[in-house]
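Structure record follows, encoded as structure tokens.
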Amino acid sequence: MPHAIRIHATGGPEVMQFEEVAVGDPGPGQARVRHTAVGVNYIDTYHRGGLYPLPMPSGLGNEAAGVVEAVGSGVDWISVGDRVGSCTGPLGAYSTARVVPADRLVKLPDGVDDRTAAATMLKGLTVQYLLRQTVPLKGGETILFHAAAGGVGLIACQWARALGVTMIGTVGSDEKAALAREHGCTHTIVYTRENFVERVKELTGGKGVPVVYDGIGKDTFPASLDCLAPRGMFVSYGNASGPVAAFNLGLLAQKGSLYATRPTLVTYAADQASLNAMASELFAMIKSGKIKADINQTFALKDAAAAHRALQGRQTTGATLLLP
């Protein structure tokens, strides 16, 4: 029987249960996929903990790679036996197999193995929309990117280097600083002992940066705004420390006619054409060697709770996979 991680109430990692589930045949526009690797992402903890409310009971997880076992009527862009990845479909990727909307699946090319896809799709497509669409970087810019040694951060380091962008990254330790620099981060700031606003101003000659990418949330706001040059963009794409509290828009005026946005991957990859275009650019970066997957932790699917404890305890770097 197929198995999946399910939750019947929100809470800590202990609410995650490894259960037998029924996986039927795909209906029109659907496909059944047998998973070979499942990605763990910080957003999964938001779903499990209740920050993003879900109807109960619920599955967890957005990101997985695997093999198509069956397709429903009307599906002609993938076939049984195709290797596919997904990261924008309905929750439930923490499973050995499931039925998903086929238009949320991306065919994996030769040169991108299943584990690499499961480790990079959600994080890599996030970096794609952040650096290539939300604020399109052309090269020569200096940016601030929080949590530079995390899963998204390490891909951002590599992509920024490939674009010719000077990246300033915040990290929590000297070890993480070294890891970020190895991946292309130009300057690192160890926030546990350095004031990141002061260091950004030092590194930019007092000018600040045109854009801050902030997946931390509460703990880095509003200090992130103080790192921006006039008319700069604050990009809040995550809430690792909790959500940014409500604030008066006048704060943006006071700090230099700033902009602020809260983008999501779901919006940028809402239609099949956009999803495929974004994935094609990511896969090209991987196949060229400009981006490498850092799979630094693996857990059995049944041990997903341990993976969440490690992630939230800041004990991980790069990508974490669950193996069915």
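For region 27-50, indicate whether the set of residues that are without any contact (Cβ under 8 Å) to a residue 60 or more places away in the chain and surrounded by 24 or more Cβ atoms within 10 Å (Cβ to Cβ) is non-empty.
Filtering region 27-50 for residues without any contact (Cβ under 8 Å) to a residue 60 or more places away in the chain gives 28, 47, 49-50.
Checking which are surrounded by 24 or more Cβ atoms within 10 Å (Cβ to Cβ) leaves us with none.
No, because not a single residue in region 27-50 is without any contact (Cβ under 8 Å) to a residue 60 or more places away in the chain and surrounded by 24 or more Cβ atoms within 10 Å (Cβ to Cβ).
Any residue in region 278-289 that is touching a residue at least 24 places away in the same chain (Cβ under 8 Å) and outside any helix (DSSP H, G or I)?
Start the filter on region 278-289 by keeping residues that are touching a residue at least 24 places away in the same chain (Cβ under 8 Å), which leaves 278-279, 281-283, 285-287.
Among the residues that remain, those that are also outside any helix (DSSP H, G or I) are: none.
There is no residue in region 278-289 that is touching a residue at least 24 places away in the same chain (Cβ under 8 Å) and outside any helix (DSSP H, G or I).
Out of the residues in region 186-236 meeting the condition of being touching an Asp or Glu at 6+ places or on another chain (Cβ under 8 Å) and hydroxyl-bearing (Ser, Thr, Tyr), tell me which one is farthest from Gln312 (Cα to Cα).
Looking at residues that are touching an Asp or Glu at 6+ places or on another chain (Cβ under 8 Å) and hydroxyl-bearing (Ser, Thr, Tyr), I get Ser224.
Of the conditions (1) within 21 Å of Phe145 (Cβ to Cβ); (2) polar (S, T, N, Q); (3) in the same structural domain as Leu108 (by TED's automatic domain parsing), Ser288 clears all except one; give me its number.
(1)
Which residues, taken from region 230-257, are farther than 27 Å from Lys123 by Cα and in contact (Cβ under 8 Å) with a residue 12 or more places away in the chain? Before you say what the answer is, go through the steps one by one.
Step one: of region 230-257, the residues farther than 27 Å from Lys123 by Cα are 230-231, 247-257.
Hits for region 230-257 are Pro230, Arg231, Phe247, Leu251, Leu252, Lys255, Gly256, Ser257.
For region 65-86, name all the residues that are part of a loop (DSSP other than H, G, I, E, B) and touching a strand residue (DSSP E or B) at 6+ places or on another chain (Cβ under 7 Å).
Gly72, Val75, Ile78, Ser79, Val80, Gly81, Asp82
Among the listed residues Ala229, Ala177, which satisfies the condition of being aliphatic (A, V, I, L, M), over 30 Å from Asp103 (Cα atoms) and touching a Pro at 6+ places or on another chain (Cβ under 8 Å)?
Result: Ala229 is the single residue among Ala229, Ala177 that is aliphatic (A, V, I, L, M), over 30 Å from Asp103 (Cα atoms) and touching a Pro at 6+ places or on another chain (Cβ under 8 Å).
From the list Ala70, Ala22, Ala9, which one is among the small types (Gly, Ala, Ser), surrounded by fewer than 22 Cβ atoms within 10 Å (Cβ to Cβ) and touching a Lys or Arg at 6+ places or on another chain (Cβ under 7 Å)? First the steps, then the outcome.
Values: Ala22 fails: touching a Lys or Arg at 6+ places or on another chain (Cβ under 7 Å); Ala9 fails: touching a Lys or Arg at 6+ places or on another chain (Cβ under 7 Å).
Unique residue meeting the criteria: Ala70.
Which members of region 201-223 meet the condition of being closer than 21 Å to Ile155 by Cα and not in a strand (DSSP E or B)? Outline the logic, then answer.
Step one: filter region 201-223 for residues closer than 21 Å to Ile155 by Cα, giving 209-217, 220.
Hits for region 201-223 are Gly215, Ile216, Gly217, Thr220.
Answer yes or no: is there a residue in region 189-206 that is touching a residue at least 12 places away in the same chain (Cβ under 8 Å) and within 21 Å of the chain's Cα centre (by Cα).
Checked against the condition, which is being touching a residue at least 12 places away in the same chain (Cβ under 8 Å) and within 21 Å of the chain's Cα centre (by Cα), region 189-206 yields no hits at all.
Could you count how many residues in region 124-159 are among the basic types (Lys, Arg) and either in the same structural domain as Lys207 (by TED's automatic domain parsing) or in contact with a Leu (Cβ under 8 Å, 6 or more places away or on another chain) (or both)?
Step one: filter region 124-159 for residues among the basic types (Lys, Arg), giving 132, 138.
Still in the running and either in the same structural domain as Lys207 (by TED's automatic domain parsing) or in contact with a Leu (Cβ under 8 Å, 6 or more places away or on another chain) (or both): 138.
Number of matching residues: 1.
Looking only at region 1-45, which residues are among the charged types (D, E, K, R), more than 23 Å from Asp82 (Cα to Cα) and part of a strand (DSSP E or B)? I'd like the intermediate steps shown before the answer.
Start the filter on region 1-45 by keeping residues that are among the charged types (D, E, K, R), which leaves 6, 14, 19-20, 25, 32, 34, 44.
From what is left, the residues that are more than 23 Å from Asp82 (Cα to Cα) are 6, 14, 19-20, 44.
Across region 1-45, the qualifying residues are Arg6, Glu19, Glu20.
Checking Asp103 against (1) at pLDDT 95 or above; (2) more than 21 Å from the chain's Cα centre (by Cα); (3) assigned to a helix (DSSP H, G or I); (4) of a type in the set (D, E, K, R): exactly one of these is not met. Which one?
Condition (2) is where Asp103 drops out.
The values are calculated or read from the model by the stated rules, or taken from the named source; none is laboratory data. Being a predicted model, the structure only gives us computed values, none of them experimental. Methodologically, a virtual Cβ is constructed for each residue, glycine included, from the backbone with ideal geometry; neighbour enumeration extends over all protein chains shown.
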